[in-house]
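Accompanying notes for the structure given below.
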Amino acid sequence: MRGWYSNFVSAGWVVPVFTVVWIGLVVVPLLIMVLFSFVEIRDYRVVYDLTLKNWESLIDSGRWISVVRTLRVTAVITLIEILVAFPFALWLAKGCKSKNVKAAIITLLTIPFFLDPSSRTIVWRAILGKSGIINTVFIELGLIDQPMEWLLFSEFAVHFGMIAPYFPTMVFPIYLVLTLIDDDYLQASQDLGASPLQTLIHIILPLALPGIVAGIVFTMVPLMAAFVEPGMLGGGFVNLLGESVEAALRNLKYPTAAALSAVVIALLAVLLTALVLILRRRGSLGAIFVTLKR
Amino acid sequence: MSEGALSAAAAVAPDRVTATASFWRALSAWRGWAAIAKWLGLVVLILTYVPLMWLAVMSFSGRPLSGIPYPLTLDHYASLLGDARWVEPFITSFVMGLIVAGACMVVATMVGRSIPRMRRPGGVLLIALTPLFVPGLTMGAALFIFIRTYLELRLGAWSIFVGHLVWALPFALLMVLVIATRFDHRLLEAAEDLGAKRWRRFWDIEFPIMRPAIIGAGLFGFLLSFNELLRSIFLRGSETTMPIFNWIMAASHQSQVPIIFSLATIVLAVTLPLMGGFFWVLFTRLDRS
Amino acid sequence: MASAVRAEGARHPILEVRDATHRFGDVLALDRVSITAAQGEFLTILGESGSGKTTLLRIVSGLEKPSELESLRIAGQDVARVPASDRNCTTVFQHYALFPHMSVGENVEYGLKVRGVALVERRRRATEALALVRLGDKFDRRVHQLSGGERQRVALARALVTRPAILLLDEPLGALDEKLRQDMQVELLDLHRKLGLTFVYITHSQEEALTMSDRIILMRRGRIVQEGTPANIFERPATRFVADFMGMENLIPARFEGLEDGFAVARVGAHRVRGNWCGVEQAASGDQVHVGVRAERVRFAVSGDEGHPNQITCRQGQTVYKGKYVDQGAETELGTISARIWDHGLDPARITHLWWRTEDCVIVPD
Amino acid sequence: MSDRILSRRDVVKGAAVSVAAVGMAASPGFQQFALAEASTVIAGYGVTTSQLKDWSIMTKSLGLEMKWTGTDADIGTYMRDVISNDLGETHDIFIFDGGTEDILGPQGYYAVLDEDHPQLTLWGRTADSWKRTDLLRDEAGVQYGVPVIGNGDSFGYFPDKIGANPNGMDEIPWAMMYESDKTLGRVSMDRSWLLSSTEVGNFLKANNRAQIADNSDMTGEEARVVADYAVERKKAGQFRTLHQSFEEQVQLLSNREIDIINCWEPATKNANIELGADLVRYAFTVEGYYKWGHGAYCHTKALDRGNLDNIYKMLNYYMSGEYRAYQAEQRGYAGPNMDLGVEFATANGWTAEQIENLKWTETKVNKKFEKPFFGKPAAKHSAEMEEEWQRFLNA
């Protein structure tokens, strides 16, 4: 007997329906949003005249400075995350033998996703501030006379504060892809005479590339839109795109926010395309998931 | 290749490496690298948890925003319990989280198990994962304009749900895909051979194998929804979720830090064992290798 | 040739493992195992899964660090502390472990590349190695475009190209189908003969071991139970386990009685059976032993008065048609004995007796 | 122009999308905010500051229940919800910074106040300085709202750090915030253009350093001058940080990270709880104050829902002594009919100190009224002002 649930689990219609719904819920709204960057808002009302004013004002208002700054900060943090996360993920996937330790670390990496970022970030101010713990201790120890003001409300503070929150998104995909690499490959490489470094360069890195790309994407997207950490630790000196978008939306400047968002999305698209092209040798994006199938 | 060329009998490989190469060999063979890799990562983890622990300690402090956890008090927890205003948003968020989790589990499972069977899954995958690449505020604003202005629908819990689903589903889908792509479809053929109907095949063979991913999808769905603010601000209509409540309170000209700190501590205390248990089961109990 | 090689190898073994012990947690995977292999020898390590054979191989290659080890020499040099990457032996892995992101040629070149061999040179040698395994035209293919047998040969070429002193093969034919497996056996033997390399070959298939090896080491539960030439192990299994593992169909529990004219005598119920004593040590009277005889060595007689040795009466049991031959069961006082009948003219219903030659019968300790 | 902020255009709506969206809307568990409330329930929307910490006090004395939907202090979000989100369909009373009626009144969202409504008993005795302000009437002088609370915002400071009288009665010039060497690198300024740019504008205008007609509604040119000055001071290192939230204000003061900060008055109150009484003072200034006042408005769509009497009863409550006393006690904010607040406190046995504080709140507000005031949340040139202020933020 075939109940309705038979159809429910048969794949035929699932993907087409999902695709249509998802285009409606995600793609169409985003396109409309981009269209909004060409209209104007006056007295909190939309004026439907096509205009480039919003785009011009990106330059006038100095918002483009924050675009450049955002790119710089994003690049630096992403680089730091890769440098720390890749070795860590490698250790976790291949070096760590205890399943309990693995489970514990994965848990610790997951929890921060679910906590309010502002309350976590505001705590740093009590630690990095002029009368914070670090300055107090250093002064007590006689290492410095004056509190180090650059610890807080500076680019340093923003970078420092962003390292931890954006770490898990880099570790997870890399870890996942590394666990999928069969130990046989690593042993074959060693057996054929490769040093650990050579195995890393010739075998592990190429095979982990999809995970690294995913990690970069998952880390860069929220970084490009970050506003909590720069807002709370940058002291107004490290204004990033996310804050700019937020400020525009707060003032109901949808067109400006739309233009800024379009910039963010375009930047991400360029980056993604570049990454995908690099991967092209190994086939389409979908192949990321297939490459490692045995 | 001559036969003689291959019959050399030395203990160490005959194609000797150069001096610089052997320096790199020695360097890369150093056992300390693993320790460095491990500890750098652990330092970042410590950086993550110092603020959280601090927050937990400060939730017991009479002066939560200052640097010193003194005097100790349970006042904040008392005022959290005494102030009923957060209860309704909390329930809204909790129920919303459950619904989003359920939707994520069902949709991610259905879509996730279908994608690997497609010949060219790239396009669908890209569309499905698009929300991961769009900043939260932007997605919220875009959905608001679309639903409210173009579709002229009244916003409310349902539109928050849409916003949350758009946010959480890509994560859930990725989770399911990880297992689904490695799933051996010969198992299903075997089951079919044994006479199992579609539903039975799914329920008896596929589901148990995919269960960890499905549970994970639900868990992520719940927690991402429970903590979501940026999209909810736009899509709330007149609903208030827990993060919206916190956001409103931050502008109410009275300090909400005590409440927020103690609430975050409670969330931490609840999620830590929950997630820990989940991953422990996933790694230690279900891992057959 | 083989005996000359062995004589030479006994003096200067290319591989010498002494007292290797390995534990995985509480499990003893290898228990003080010592092996040697002569230059140019085809040595097979045979055993069921979990017998420790793969662990032994991985200790030789350096991929596993043994818990305890007296010494490990390759070409006379102690390599116990040399990492796998610097040992002059390469492995053909069970699942080949061909790098999925490289072409066939890149896979084969890999061992040369990591040694810093110049591009032109390594291309040349990789091409040669591929030609050697008859894949000369597949240099630029992707690994996933190859068939199972082709992958196997790529793995061989990859392992050979660095000119190792010893080639380690870990059940390389396990993943192939029957026909391909037989072809590859021939090909491997051919390669071995051509290159004169030392092969250490791991398998759980007695048939593979018998076909290919100069010498077989049979392992069980982390220990060596018997080693010798294929004929030796096949004809004179030292224990009941070896006899069983080598496919001796009829193994009958018996009591040892003593020696008679150089043959051992064992009692099974009311019967006395004579055969070769194969145990390492002499048994005492009354010891539990097994009488073993291969099905193809069991013969039938229509009447019981020809005076055959080891003769007993029987009735017809189950008949299984096998094409080339018939597996014929026979019910006797000793239990069911299976025989292999090549003569299709024989009518099983007329059989009344069976017997076997004393030389074809072994008596093994338990 | 349609009545929507982001008005509908003719678009081809994808059938699948509509079906999906409608399907979700219709599914159980997603029912809308119930429209038909019992008439003793008033639905309100706006800033939470207008709510007493314990709102059940109101229920006890009026017999009404308030179903409150809060929002934060963003005028953008608020305007969006009132105009685009049709909250008038579900909500009766709206409370936000006065000034919104300039736009929402003439466009028909806020109902004109019926000053003679029988339930509005306290209207007559409420001082004109509270009820007849620009914050509650549109430009044509039509009255839309009743006053709720208000204040003149300035800055908090540590008297010892800037050498001022510790009793806090000194009038401090705004220059102390912007260009004093005593506070160089020890200042925090609010990021908000609405607050900070108009304050800077007022300072420049009052000291004849710039030609500004109305610093609460500056033209692009004027706003540019203000932003340029602010950028110059930022580059000179005047500001330790820029803050955004109330919690930040409290933390910056209580950690003594800064010496002077333009903040909300309750922030100094909170900081003093941590630091010790009266260590931080909220400034009386030389040049004037950013004036804000929350107004309560009735939505036009609420006029014929049958609970208008109760709505006016509620509006009246915001001017009552009970509300006054609690609001002043909890946040230090004043409002109309302070005297009724004192009366209420006395009648209900509040301590002498509490009553003294109530009186002080009134004195304080009256003292501020002597100086110029500015502030216009729905300024005509808000877009330009915001745009120019971005240059300061991005610098």
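The values are calculated or read from the model by the stated rules, or taken from the named source; none is laboratory data. Predicted model only: the values in this text are computed from it and were never measured. FYI the Cβ positions are ideal-geometry reconstructions off the backbone, even for glycines, and counts take in every protein chain you see. Areas reflect the complete protein model, heavy atoms only, side chains present, ligands, DNA and RNA absent. Shrake-Rupley method; radii C 1.70, N 1.55, O 1.52, S 1.80 Å.
For residue D:245, the criteria (1) farther than 14 Å from residue D:152 by Cα; (2) open to solvent by less than 20 Å² (accessible area, probe 1.4 Å); (3) under 20 Å from the mean Cα position of the chain (by Cα); (4) not assigned by TED's automatic domain parsing to the domain that holds residue D:97 hold in every case but one, which is (2).
I'd like the full set of residues that are part of a helix (DSSP H, G or I) and touching a residue at least 24 places away in the same chain (Cβ under 8 Å), limited to segment D:346-381. Show your work before the answer.
Keep residues of segment D:346-381 that are part of a helix (DSSP H, G or I), which gives D:346-347, D:352-368.
Within segment D:346-381, D:354, D:357, D:358, D:361, D:362, D:364, D:365, D:367, D:368 qualify.
Filtered by the rule that a residue be surrounded by fewer than 19 Cβ atoms within 10 Å (Cβ to Cβ) and closer than 21 Å to residue A:231 by Cα, segment A:80-114 gives A:80, A:113. Taken over segment D:353-368, residues that are among the hydrophobic types (A, V, I, L, M, F, W, C) and either open to solvent by 80 Å² or more (accessible area, probe 1.4 Å) or in the same structural domain as residue D:218 (by TED's automatic domain parsing) (or both) amount to 1.
Listed by position, the helices (runs of 4 or more DSSP H) contained in segment B:16-128 that have at least 1 residues being touching a helix residue (DSSP H, G or I) at 6+ places or on another chain (Cβ under 7 Å), at pLDDT 80 or above and under 30 Å from residue B:232 (Cα atoms) are B:32-58, B:75-82, B:87-114. Among the conditions (1) in contact with a helix residue (DSSP H, G or I) (Cβ under 7 Å, 6 or more places away or on another chain); (2) surrounded by 21 or more Cβ atoms within 10 Å (Cβ to Cβ), residue D:105 misses just one, which is (1). The single residue among D:120, D:195 that is touching a residue at least 40 places away in the same chain (Cβ under 8 Å), within 14 Å of chain B (Cβ to nearest Cβ) and buried (at least 18 other Cβ atoms within 10 Å of the Cβ) turns out to be D:195. Among the residues of segment A:204-241, those identified as part of a loop (DSSP other than H, G, I, E, B) and open to solvent by 20 Å² or more (accessible area, probe 1.4 Å) are A:225, A:227, A:237.
Every residue in segment A:66-98 that is among the β-branched types (Val, Ile, Thr) and free of Cβ contacts under 8 Å to residues at least 60 places away in the same chain, please.
A:68, the sole residue that qualifies.
Answer yes or no: is there a residue in segment D:306-327 that is touching a Lys or Arg at 6+ places or on another chain (Cβ under 8 Å) and either open to solvent by less than 10 Å² (accessible area, probe 1.4 Å) or part of a strand (DSSP E or B) (or both). Taking every residue of segment D:306-327 in turn, none turns out to be touching a Lys or Arg at 6+ places or on another chain (Cβ under 8 Å) and either open to solvent by less than 10 Å² (accessible area, probe 1.4 Å) or part of a strand (DSSP E or B) (or both).
Taking segment A:118-203 as the region of interest, the helices (runs of 4 or more DSSP H) fully inside it that hold 1 or more residues being free of Cβ contacts under 8 Å to residues at least 40 places away in the same chain and open to solvent by less than 30 Å² (accessible area, probe 1.4 Å) are A:133-140, A:183-191, A:196-199. For segment C:247-278, residues that are in a loop (DSSP other than H, G, I, E, B) and over 29 Å from residue C:327 (Cβ atoms) total 2. Give the residue, chosen from B:153, B:143, B:98, that is open to solvent by less than 10 Å² (accessible area, probe 1.4 Å) and in the same structural domain as residue B:218 (by TED's automatic domain parsing). Answer to the check: B:143.
Of the residues screened, residue B:4 is not one that is more than 30 Å from residue B:73 (Cα to Cα), of a type outside the set (Asp, Glu) and at pLDDT 75 or above. The C-beta contact set for segment C:344-366 (first residue without any contact (Cβ under 8 Å) to a residue 40 or more places away in the chain, second residue of a type in the set (S, T, N, Q) and open to solvent by 70 Å² or more (accessible area, probe 1.4 Å), distance under 6 angstrom, 6+ apart or interchain) comprises C:348/C:316; C:349/C:316.
The one condition from (1) within 18 Å of the chain's Cα centre (by Cα); (2) within 14 Å of chain B (Cβ to nearest Cβ) that residue C:35 does not meet is (2). Looking at B:271, B:284, which is the one that is hydroxyl-bearing (Ser, Thr, Tyr), part of a helix (DSSP H, G or I), at pLDDT below 85 and over 27 Å from residue A:123 (Cα atoms)? It is B:284. Residue A:246 meets all of the listed conditions (1) within 14 Å of chain D (Cβ to nearest Cβ); (2) of a type in the set (Asp, Glu); (3) in contact (Cβ under 8 Å) with a residue 60 or more places away in the chain but one, namely (3). When C:269, C:279, C:228 are checked against the criterion of being in contact with an Asp or Glu (Cβ under 7 Å, 6 or more places away or on another chain) and surrounded by fewer than 22 Cβ atoms within 10 Å (Cβ to Cβ), a single residue qualifies: C:269. Applying the condition of being more than 8 Å from chain B (Cβ to nearest Cβ) and at pLDDT 85 or above to segment A:99-128 and asking which residue is nearest to residue D:253 (Cα to Cα) yields A:128.
For segment C:174-188, the set of residues classified as of a type in the set (A, V, I, L, M, F, W, C) and without any contact (Cβ under 8 Å) to a residue 24 or more places away in the chain consists of C:186 only. Restricted to segment C:60-81, and to residues there that are surrounded by fewer than 22 Cβ atoms within 10 Å (Cβ to Cβ), in contact (Cβ under 8 Å) with a residue 24 or more places away in the chain and in a strand (DSSP E or B), the residue that is farthest from the other protein chains (Cβ to nearest Cβ) is C:68. Of everything listed in (1) within 30 Å of residue A:128 (Cβ to Cβ); (2) modelled with pLDDT under 90; (3) surrounded by 20 or more Cβ atoms within 10 Å (Cβ to Cβ), the single unmet condition for residue D:258 is (2). Of all residue pairs spaced 6 or more apart or on separate chains, those with beta-carbon atoms under 7 Å, a first member in segment A:256-269 that is under 8 Å from residue A:37 (Cβ atoms) and a second member that is open to solvent by 30 Å² or more (accessible area, probe 1.4 Å) are A:258/A:34; A:259/A:55; A:262/A:34.
Return the residues of segment C:326-366 that are in a loop (DSSP other than H, G, I, E, B) and within 26 Å of the chain's Cα centre (by Cα); say none if nothing qualifies. Scanning segment C:326-366 gives a single hit, C:366.
Residues are listed down the side, and each one gets a yes or a no for (1) touching a strand residue (DSSP E or B) at 6+ places or on another chain (Cβ under 6 Å); (2) acidic (Asp, Glu):
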| site | (1), (2) |
| --- | --- |
| D:280 | yes, no |
| D:284 | yes, no |
| D:289 | yes, no |
| D:304 | no, yes |
| D:320 | no, no |
| D:331 | no, no |
| D:349 | no, no |
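Taken over segment D:384-395, the criterion of being under 9 Å from residue D:220 (Cβ atoms) and either open to solvent by less than 10 Å² (accessible area, probe 1.4 Å) or at the interface with chain A (Cβ under 7 Å from one of its Cβ atoms) (or both) is satisfied by D:385, D:387.
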